[in-house]
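Colleague: Structure in structure tokens, see below.
The values are calculated or read from the model by the stated rules, or taken from the named source; none is laboratory data. Remember, predicted model here, so these are calculated numbers, not experimental data. Cβ: placed from backbone, ideal geometry, glycine included. Neighbour counts: every protein chain shown. Each accessible area value is taken on the protein alone, full model and side chains, heavy atoms only, with ligands, DNA and RNA left out. Shrake-Rupley method; radii C 1.70, N 1.55, O 1.52, S 1.80 Å.
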Amino acid sequence: MKTFIITLSLLAVLVGFVFVNAHLVVRQISETATAVAALPLPEKPEDPARADLSGQGEQVRGIHQSWQEKLRYISLTVNHHDLMQVQDQFAALMGACEAGNYTDYILTLSMLQSGLSHLREQSLCSLGNIF
Amino acid sequence: MDDRTPPPSAGVRSTLLTGNGTLCEKYTVRERNVPMIAIFFRALIIYITLMLTLRFMGKRQVGELEMSDLIGSLLLSEIAAMPIDDPDIPLLYALIPILFIMSMEIIITFSKTKLNFLKKIFESHPIFIIEQGVIREDQMRRMRISVEELLSECRQQGVVNLSDVRYAILEQNGKFSIIPNASKAPATPADLGIKSVDVGIMHSVILDGTIEKNALAKTGYTETQLHELCARYRCAVGDIFVLGIDDLGHITVVKKKTEREDT
């Protein structure tokens with residue numbers, strides 16, 4: 001009986017952990033996705049290779065820093081391959097801001113949003129994910 | 001833009017970041033990795049499916065293991081290999097389902113003893129293939145057992161003629177129990193009117209020069225008494241390969257061979 005109760009408690013802890021973890025991971029990814037979505041879109045310059053993206057660059061670095069802090073927890077339960085893709089997209093976005101390239105900025109921002117959205121969907125507790 | 005990256009066409013570029021989704025979301029087919037929560041539910045679904053599948057496949061598939069043990073072994077080996085094979089998979093991906101399967105295994109085996117309906121779902125009952133000397137063809141068909149297999153099982157248990165079998169029972173673990181007719185069953189001491197003494201089992205209290213404390217406790221000897229016993233055989237504990245004591249106190253001693261004796 002003792003073993004049964006311990007096992008039942010373990011199962012309850014596991015189920016609880018899995019649900020709470022899914023909720024936390026989704027929340028953290030959503031926060032980052034919202035911050036990325038709120039990044040300002042600059043006016044399209046005449047020469048797309050010489051845009052002023054210094055303001056955006058600062059913001060992206062801030063978002064990335066907060067993402068790095070979240071990553072310590074997220075990486076415990078989310079596939080590292082997916083996380084690496086988002087990391088790469090952050091790096092590309094920061095690079096585009098540094099280079100002041102409007103086209104690259106728009107493209108990598110789009111890819112980052114897509115990557116975060118993909119990550120969020122994958123962490124949701126949904127029938128689609130289970131089956 | 002990097003030369004290696006093909007630039008999007010002007011038409012496509014104008015649609016970037018417009019509407020509800022980004023261009024990437026609309027046109028990229030992504031690799032689908034399974035999240036941990038899905039792994040958890042998948043383990044649950046696969047566990048129950050395997051249990052029911054093996055239940056309906058019949059006893060013969062189960063072999064010597066309990067059905068839940070077999071499923072546990074099948075799943076655990078695969079799950080444990082996941083993070084070893086692929087370093088991109090976090091360790092918790094495997095740990096959670098392993099703990100989950102272990103919990104399910106204990107809960108189901110325990111619940112089966114308490115709840116009858118679970119017992120009916122997850123556990124089969126013995127099937128009589130031969131009952132009071134009569135072969136049950138319907139059960140043979142149901143269990144997909146051929147006459148050759150039945151004969152083979154009988155031969156393996158020392159019965160050469162089907163007419164000598166009183167009962168042939170297919171047990172829950174997939175093994176056969178063959179009970180011969182009384183006239184063909186081996187005679188027991190009781191049949192012959194011989195008084196037999198139950199000597200029980202031999203407890204190996206010394207194995208390769210080491211005292212086995214659990215076995216020693218079962219014999220009622222203390223370590224001091226054991227050392228005295230060894231002295232009676234003119235050797236120390238370390239010189240003994242096996243020393244066994246049965247329930248009636250009979251002692252069996254096998255001394256170690258010295259190197260000189262070996263050569």
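Colleague: Please report, in whole Å³, the volume per residue of the convex hull around the C-alpha atoms of the protein assembly as shown.
Modeller: 313 Å³
Colleague: Is region A:20-64 best put as rounded, prolate or oblate by its Cα gyration tensor, with a ≥ b ≥ c the root eigenvalues, rounded for a/c under 1.5, and otherwise prolate when a/b is larger than b/c, oblate when not?
Modeller: prolate
Colleague: Net charge near B:E137, counting Lys/Arg +1 and Asp/Glu -1 over other residues with Cβ under 14 Å of its Cβ?
Modeller: Every neighbour counted, the sum reads +1.
Colleague: What total accessible area, in Å², is buried where chains A and B meet, using a 1.4 Å probe and rounding to the nearest 100?
Modeller: Between A and B, the summed buried area is about 3800 Å².
Colleague: Among B:217-229, A:114-126, how do they line up by average Cβ neighbours within 10 Å per residue, starting with the highest?
Modeller: The most tightly packed comes first, giving A:114-126, B:217-229.
Colleague: Using each residue's phi in region B:79-90, evaluate 6.51 cos²θ - 1.76 cosθ + 1.60 at θ = phi - 60° and report the 3J(HN,Hα) Karplus result to the nearest Hz, with x for Gly and Pro.
Modeller: 5, 5, 6, 4, x, 6, 5, 10, x, 6, 8, x
Colleague: Given a cut-off of 32 Å, name the pairs among A:K2/B:K119; B:K120/B:K184; B:K175/B:K255; A:K2/B:K120; B:K218/B:K256; B:K112/B:K184 whose C-alpha atoms lie farther apart than that in the structure shown.
Modeller: Among A:K2/B:K119; B:K120/B:K184; B:K175/B:K255; A:K2/B:K120; B:K218/B:K256; B:K112/B:K184, the Cα-Cα distance tops 32 Å for B:K120/B:K184; B:K175/B:K255; B:K112/B:K184.
Colleague: For B:D239, tell me the accessible area in Å² from a 1.4 Å probe, rounded to the nearest 10.
Modeller: 80 Å²
Colleague: Turning to a different aspect of this structure: Using the heavy atoms of the protein chains and a 1.4 angstrom probe, tell me the accessible area per residue for the protein assembly as shown in square angstrom.
Modeller: Heavy-atom SASA per residue in the protein assembly as shown reads 59 Å².
Colleague: On C-alpha positions alone, give me the angle between the axis of helix A:80-99 and the longest principal axis of chain A, in degrees, nearest 10.
Modeller: 20 degrees
Colleague: Same structure, new question: Starting from region A:12-87, pick out the trypsin sites (Lys or Arg not before Pro) whose DSSP state is loop and whose Cβ has at most 16 other Cβ atoms within 10 Å.
Modeller: Hits after loop and neighbour filter: A:R50.
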